Amino acid sequence: MDVEAAAALVAAAGTAVGTGAAGAAGESAWQSLAGLARRATGRVPDRAPGRALGRAPGGPEDAAEPDGVPVDTADPVAVRDFAALLLRRAVQDDNFAAQLCDWAERHRTTIEATRHHDSSVVENKIIDSRVSGPVIQARDIHGGITLN
C-alpha cells in the first residue's frame with residue numbers, strides 16, 4: 001500500500017469515528033492511529049469534540065504532549081487536514097511512511113467496512129439456494145403483502 005492510500009484510510013477512519021459508524025473495531029483502529037500520530041507529529045486524532053489530545057483532561061498523558069493539537073473527528077475538514085498532515089510527514093520520513101502503511105494494512109478491512117456502513121440500507125441476497133416458492137425482498141413495507 002502506498003502512503004496516499006494509507007492517508008485516504010486515515011480520513012475514512014476519522015470520518016467513521018466522527019459519525020459514530022466506526023464501532024468498537026473502528027474505535028480501536030483510531031486509537032492505534034492516535035499512538036502513531038502522537039509519536040510522529042505531536043497531534044492526536046480526537047474522538048469527540050472538546051477533548052484535548054483524545055483523552056480525558058488531566059490524564060497522565062497531558063504533561064507529555066502539552067503542545068498537541070486535537071483533531072475533531074466530527075469536523076470533516078479537520079479530519080481531511082489531519083490525513084494531509086500525516087501524508088506530508090510520510091513523504092518526508094520513510095520510517096513513518098512504513099509505519100503508516102503498516103497501520104493502514106492492519107486496519108484496512110475494518111475501515112473499509114465502516115466506509116460503506118449505512119444502517120438505513122438493507123441488502124437482500126439469496127446465495128447458493130434453490131428457491132421453490134415466492135420470495136419477497138424489501139426494505140420498508142407500508143401496508144400489507146398478499147401472495148396468491
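The values are calculated or read from the model by the stated rules, or taken from the named source; none is laboratory data. Source: prediction; values computed, not measured. Cβ sites come from the backbone with ideal geometry, for glycine too, and all protein chains shown count toward neighbours. Note: accessible area is taken over every heavy atom of the protein model, side chains too, but ligands, DNA and RNA are not part of it. Shrake-Rupley method; radii C 1.70, N 1.55, O 1.52, S 1.80 Å.
Just to be sure I understand, how many residues within region 73-111 are more than 17 Å from Gly35 (Cβ to Cβ), under 13 Å from the mean Cα position of the chain (by Cα) and open to solvent by less than 50 Å² (accessible area, probe 1.4 Å)?
Counting residues in region 73-111 that are more than 17 Å from Gly35 (Cβ to Cβ), under 13 Å from the mean Cα position of the chain (by Cα) and open to solvent by less than 50 Å² (accessible area, probe 1.4 Å) gives 1.
If you take the residues of region 18-63 that are polar (S, T, N, Q) and modelled with pLDDT under 80, which of them is surrounded by the fewest Cβ atoms within 10 Å (Cβ to Cβ)? Break it down stepwise before answering.
Within region 18-63, the subset polar (S, T, N, Q) is 19, 28, 31-32, 41.
Filter once more, so that each one left must be modelled with pLDDT under 80: 19, 41.
On the way: Thr19: 13, Thr41: 16.
Top of the filtered list is Thr19.
Could you list, in sequence order, all residues of region 1-17 that are open to solvent by 30 Å² or more (accessible area, probe 1.4 Å), modelled with pLDDT under 85 and in a helix (DSSP H, G or I)?
Residue satisfying the conditions is Thr15 alone.
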